[in-house]
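Undergrad: Dropping the structure in here first, questions after.
What follows draws every value from the coordinates through simple rules; no lab data is involved. Since this is a predicted model, take the numbers as computed values, not measurements. Note that we place each Cβ from the backbone using ideal geometry, even for glycine, and neighbour counts take in every protein chain shown.
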Amino acid sequence: MNRKIIYLDHAATVPVLPEVLEKMLPYFTQQYGNPSAVYRIGVENRTAIEKARDTAAAAINVQPSEIYFTSCGTEADNWALIAGAEAFVSKGRHIITSAIEHHAVLRTCQYLEEHGFEVTYLQPDHDGVIHPEALEAAIREDTILVSIMYANNEIGTIEPIEALARTAHRHGIPFHTDAVQAFCKLPIDAKAAGIDMMSVSAHKIGGPKGVGFLYIRKGLRLRSFLHGGSQERGRRAGTENVPGIVGFGEAIRLALASMEENAIRERHLRDRLVNGILEGIPYTRCSSTAENCLPGLANICFCHTDADSLLILLDMAGICVSAGSACTSGSLDPSHVLLAAGLSHEDAKSSVRFTIGPENTEEEIDTVLTRLKEAAAKLRSNSASYKKFIASQEETL
Ligand code: PLP
């Protein structure tokens, strides 16, 4: 890929940082030993994994023995929910989550429903906030698990995690959070927040794809998700992805060091983009409006345009953005998150997510604004619904 692109889809994935790649490379070729082996190149790999585990644990203020590396954030979510549900089934079969979770959680909940569990999906308010009062009201005698995401991947809302965990704990219920979008973007103290399980992924923070971890609080007995060898202290079988884990450790170290600086930068560019769109393109609305929102995320409805067509025009101009989450792009259904936040089907299908990263510049944002204006005008000029809308506006005048 030689063409210069403007990449504004950092919530989908980000490039592996050069320093991360450099740290990973030896583990593919020279340093290839199996970490369970007794000879030196094996033991050295075990040491490298434990170093990454120390870094991951320190990042969220937990013990290294509470971190279990997985193949991705999705696996961590599946493990937490399925093994969590099974672990507490003697107490009941009711699980609470939210309607705006990533499909890694929602589809796992559907799987559990097919296997005899009952799931309540809490509705957010218009800003995407899941209120602790709503959780309190949904808790029942037979509730065994609560799972609410730390920050939403489509509208960026940061949930009141401490209050939600406290609410679950008041009833003796364990609390899981999908922190894939929040990890290393926001300071997270899992101990202080009372989180019992937390899912994380490496490829959102400059690490490689195909690595994640699940934090499981000491004392919470979850069965192994993959059966086989005794890796990850017997709780997650399978030869470890050593290059991936080493890269993940390095990505965490780098992301934490620049977290504050990146947040300030991203917020500034996001505001420039949002203000530019709302002021420069008629009939646009921002849906990422929560007071507590991920710094680099903006979700905008370009009324009377089709988001998929907008994406194609922007792609032709070398600009990468998305409609909905990466895992649902290409789907004909409007985003379940936007619908839950109160948007109509039509507005949800006209919405585009922009996620800014550390390498973006003001100049890039200005180019995107120009291209967006052109693209929206082009699509609307061909849109029967837009023409009808304008005619009705003129009639009222
Ligand atoms: N949870 C959230 C909130 C996400 O945004 C994503 C990825 O987009 C995932 C889970 C899945 O993570 P992974 O791609 O590592 O499986």
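Undergrad: So for region 64-182, what are the equivalent ellipsoid semi-axes in whole Å, largest first, each being the square root of 5 times an eigenvalue of the Cα gyration tensor?
TA: Working through the eigenvalues yields semi-axes of 19, 18, 14 Å.
Undergrad: Evaluate the relative contact order of region 14-122 (contact order divided by residue number), counting alpha-carbon pairs under 8 angstrom at least 6 apart; express in whole percent.
TA: That works out to 15 percent.
Undergrad: Using helices alone, I'd like the mean residue ellipticity at 222 nm for the chain: each DSSP H run of four-plus residues gives -39500 (n - 2.57), total over residue count, nearest 500.
TA: After summing the helix terms and dividing by residue count, I get -13000 deg cm²/dmol.
Undergrad: Okay, moving on. Restricting to the chain, compute how many DSSP beta bridges are antiparallel as a %, nearest 5. Write down the numbers at each step before the final one.
TA: On the way: 20 of 37 bridges.
Antiparallel bridges make up about 55 percent of those DSSP assigns within the chain.
Undergrad: Counting only residues 5 or more places away or on other chains, whose amide H sits under 5 Å from the amide H of D178 once H atoms are built in the peptide plane?
TA: I148, M149, Y150, S199
Undergrad: In debye, nearest 20, what is the charge dipole magnitude of the chain about its Cα centre with +1 on Lys and Arg Cβ and -1 on Asp and Glu Cβ, if you could check?
TA: 960 debye
Undergrad: Continuing with this model, one more query. How high is the relative contact order of the chain, in percent, with contacts defined as C-alpha pairs under 8 Å that are six or more residues apart?
TA: Once normalised by length, the contact order is 21 percent.
Undergrad: What is the distance in Å between the Cα centroid of region 264-322 and that of region 53-111?
TA: So the separation of the two Cα centres works out to 31 Å.
Undergrad: Now a separate question. Tilt of helix 40-59 relative to the longest C-alpha principal axis of the chain, in degrees (0 to 90, nearest 10)?
TA: On a 0 to 90 degree scale, this one is about 50.
Undergrad: Springs between alpha-carbon pairs under 10 angstrom, Gaussian network model over the chain: which of A57, A137, A85 fluctuates most?
TA: Looking only at A57, A137, A85, the largest GNM fluctuation is found for A137.
Undergrad: Here's a follow-up. Tell me the relative contact order for region 113-174 as a rounded percent, counting alpha carbon contacts under 8 Å between residues six or more apart.
TA: Reported as a whole number, the value is 33 percent.
Undergrad: Here's another thing I want to ask about it. Filter the cross-link list K209/K373; K51/K218; K91/K191; K4/K388; K349/K388 down to pairs whose alpha-carbon distance in this structure exceeds 27 Å.
TA: K209/K373; K4/K388
Undergrad: A follow-up question, please. With the Cα gyration tensor of the chain giving a ≥ b ≥ c as the square roots of its eigenvalues, does the rule (a/c under 1.5 for rounded; else a/b larger than b/c for prolate; else oblate) give rounded, prolate or oblate?
TA: oblate
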